[in-house]
1. Within region 110-122, does at least one residue satisfy the condition of being assigned to a loop (DSSP other than H, G, I, E, B), out of contact with any Pro (no Cβ under 7 Å at 6 or more places or on another chain) and in the same structural domain as Asp207 (by TED's automatic domain parsing)?
2. Considering only residues of region 64-101 that are charged (D, E, K, R) and closer than 24 Å to Gln190 by Cα, which is modelled with the lowest pLDDT?
3. Go through (1) of a type outside the set (Val, Ile, Thr); (2) exposed (fewer than 13 other Cβ atoms within 10 Å of the Cβ); (3) within 19 Å of Gly208 (Cβ to Cβ) one by one and return the number of the condition Asp106 breaks.
4. Report, by residue number, each residue of region 115-127 that is modelled with pLDDT of 95 or more and not hydroxyl-bearing (Ser, Thr, Tyr).
5. Looking at Thr142, Thr224 in this structure, which one is free of Cβ contacts under 8 Å to residues at least 60 places away in the same chain and buried (at least 16 other Cβ atoms within 10 Å of the Cβ)?
6. Does Thr181 fit the bill of being closer than 21 Å to Cys219 by Cα and touching a Phe, Trp or Tyr at 6+ places or on another chain (Cβ under 8 Å)?
7. If a residue has to be surrounded by 14 or more Cβ atoms within 10 Å (Cβ to Cβ) and either under 19 Å from Pro203 (Cβ atoms) or touching a helix residue (DSSP H, G or I) at 6+ places or on another chain (Cβ under 8 Å) (or both) to count, how many in region 66-93 make the cut?
8. Looking at region 194-212, is at least one residue surrounded by 12 or more Cβ atoms within 10 Å (Cβ to Cβ), among the β-branched types (Val, Ile, Thr) and modelled with pLDDT under 90?
Amino acid sequence: MYTSNRLPVQSNDPRPEPFKRHQTARYYVHRVHESLKTRVSKFICAIFLGLLLTLGIIAFILWLSLRPHRPRFHIQNFSVPGLGQPNGFENAEIAFNVTIRNANQDIGIYYDSMDGAVYYQDQKIGSKPLLYPFYQKPKNTTIVYDVLSEATLTVNSQSWMQFLNDRNSGTVVFRLEITSTIRFKLFSRQTKHHTMYANCDVPVGPDGFILAISVDKKCPVYFT
């Protein structure tokens with residue numbers, strides 16, 4: 001076997017380093033230019049989205065302020081004075097007081113006509129015209145007071161006995177329906193005609209007057 005008597009010698013020469021490529025000035029100018037383009041693009045996008053958001057908020061606020069709201073009806077008073085009399089139907093009358101509120105900020109309401117009717121158990125017992133055509137300004141309240149008397153009531157002895165039976169039970173429930181054809185006015189423009197119904201359920205106590213719990217009660221309003 002061959003054996004070498006020479007000792008291993010450790011080399012101190014370092015390995016050659018890999019070649020480092022030196023970038024040119026044009027390369028760095030290009031990188032800076034691309035970075036600026038990216039930042040400018042992001043800035044423009046942010047401004048555009050901010051404008052869109054602002055315009056959307058403004059449009060929503062305008063829509064809320066210019067969207068017409070239906071008038072608000074509240075029953076203030078309702079009475080059947082002769083309810084406690086056995087033969088009260090002979091000179092029966094029904095008196096009521098309703099407020100109509102136009103809560104719109106800039107929108108007026110034209111009422112072409114207004115009629116009122118009183119129902120008992122879904123049967124009409126009286127009706128009459130209430131108001132002639134009129135215009136209601138924004139943020140304005142109109143009071144409607146009227147009386148249905150014997151000439152405008154269709155109450156007979158049988159229906160009056162039903163009133164008395166309910167009265168003995170503690171409450172007689174009537175329904176006041178107000179009907180009108182309306183148009184909304186925004187600046188110089190007017191909308192098409194809408195047929196409006198306001199229905200007020202009115203419980204009356206043994207004394208013939210509206211129960212305190214129903215005073216100033218809001219009446220549902222719907223259109224057809």
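The values are calculated or read from the model by the stated rules, or taken from the named source; none is laboratory data. Predicted model, so just to flag it, every value in this text is computed and none were measured. Quick reminder, even Gly has a Cβ in these numbers, built from the backbone with ideal geometry, and neighbours come from all protein chains shown.
1. yes
2. As a first pass, look at region 64-101 and keep what is charged (D, E, K, R): 67, 70, 72, 90, 93, 101.
If we keep only those that are closer than 24 Å to Gln190 by Cα as well, we get 67, 70, 72, 101.
Details: Arg67: 76, Arg70: 92, Arg72: 97, Arg101: 97.
Per the stated criteria, the residue is Arg67.
3. Going through (1) of a type outside the set (Val, Ile, Thr); (2) exposed (fewer than 13 other Cβ atoms within 10 Å of the Cβ); (3) within 19 Å of Gly208 (Cβ to Cβ) one by one, Asp106 breaks only (3).
4. If the condition is that a residue be modelled with pLDDT of 95 or more and not hydroxyl-bearing (Ser, Thr, Tyr), then Asp115, Gly116, Ala117, Val118 are the ones that fit.
5. On inspection, the qualifying residue turns out to be Thr142.
6. When the stated conditions are applied, Thr181 passes them.
7. Counting residues in region 66-93 that are surrounded by 14 or more Cβ atoms within 10 Å (Cβ to Cβ) and either under 19 Å from Pro203 (Cβ atoms) or touching a helix residue (DSSP H, G or I) at 6+ places or on another chain (Cβ under 8 Å) (or both) gives 15.
8. Taking every residue of region 194-212 in turn, none turns out to be surrounded by 12 or more Cβ atoms within 10 Å (Cβ to Cβ), among the β-branched types (Val, Ile, Thr) and modelled with pLDDT under 90.
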